[in-house]
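For reference, the structure is listed below as structure tokens.
The values are calculated or read from the model by the stated rules, or taken from the named source; none is laboratory data. Because the structure is predicted, anything quoted here is derived from the model rather than measured. Here the Cβ is made from the backbone with ideal geometry for all residues, glycine too, and neighbour counts use every protein chain on show.
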Amino acid sequence: MSGGADGSGWLDRLVAIGAVTQGHFELSSGLHSPDYVQCARLLERPDLVQAAARDLVALVSPRLDEPPATIASPALGAIVLGYEVARAWECRSIWAERNPHDGRLAFRRGFDLQPGERVVAVEDVVTTAGSLRELVELLERHQAQVVGVATLVDRSGGGVQWRMPSAALVTLEGVQLPPGRCPQCAAGVGLEKPGSRPSGTGTKPTQESTHSR
Ligand SMILES: [Zn+2]
């Protein structure tokens, strides 16, 4: 179901710009991993985001009968990628964001969907795909037709399954273990919690760092 781990060169490119790093990390899912994907290293490069979006569209396009009318992304990290995917598809780009009161994804800012509107859901990184699944459910509650799912990096090793056509530019066989079974915890290696917390020290995690994506 996932594509992209086929010599497209994107894994090498992500490593080269520091978007994939090695260490001992606590993911937003709470699981520990020896590698971490920081898509901001890609998203700060418009030229590379544009190239990645074009390649992602080239992967998903042949699996759709018709192009989408709209791209939808969950805030925050995926908005930029979704926007560039929409540019490549020459369609609209909208995003869902978390309601500060209940933490659920919702469309705000007057974003509207027509019944049956063809939508491709776009996410930057999926591990458990919690946010992306929630976005698909939100779109379906708005009576949109989710015709495809596209992600930049699938850390589940292709383990996340979708009812609709899906593709990832890079698929990683992510090793993700609970702290109790993590060999690096047992060895006393210092733990990093990258998430999307503010740069610097002494700052509290932002809400984005606590959601499961
Ligand atoms: Zn650990």
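Quick rundown of the values:
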| read-out | value |
| --- | --- |
| Selection count, segment 57-108, where residues are β-branched (Val, Ile, Thr) and under 13 Å from LEU152 (Cα atoms) | 5 |
| Check on ARG141, at pLDDT 90 or above and either touching a His at 6+ places or on another chain (Cβ under 7 Å) or more than 16 Å from the ligand (Cβ to nearest atom) (or both) | yes |
| Counted residues, segment 126-138 - those being modelled with pLDDT of 95 or more and more than 17 Å from TYR83 (Cβ to Cβ) | 5 |
| Sole residue being surrounded by fewer than 21 Cβ atoms within 10 Å (Cβ to Cβ), modelled with pLDDT under 95 and on the phi > 0 side of the Ramachandran plot, chosen from GLY103, GLY110 | GLY103 |
| Qualifying residue in segment 84-91 (condition: without any contact (Cβ under 8 Å) to a residue 60 or more places away in the chain, of a type in the set (Lys, Arg) and under 27 Å from TYR36 (Cβ atoms)) | no |
| Positions within segment 48-64 being surrounded by fewer than 21 Cβ atoms within 10 Å (Cβ to Cβ) and either within 11 Å of VAL120 (Cβ to Cβ) or among the acidic types (Asp, Glu) (or both), in sequence order | ASP55, SER61, ARG63, LEU64 |
| Condition met for VAL147 (in a strand (DSSP E or B), closer than 26 Å to ARG54 by Cα and touching a Gly at 6+ places or on another chain (Cβ under 8 Å)) | no |
| Residue list for segment 123-149, filter: in contact (Cβ under 8 Å) with a residue 60 or more places away in the chain and not β-branched (Val, Ile, Thr) | GLU123, ASP124, ALA129, GLY130, SER131, LEU132, GLU134, LEU135, LEU139, ALA144, GLY148 |
| Any hit, segment 160-170, residues being of a type outside the set (Asp, Glu), out of contact with any Pro (no Cβ under 9 Å at 6 or more places or on another chain) and within 14 Å of TYR36 (Cα to Cα) | yes |
| Residues of segment 144-187 satisfying the condition of being within 16 Å of the ligand (Cβ to nearest atom) and among the β-branched types (Val, Ile, Thr) | VAL175 |
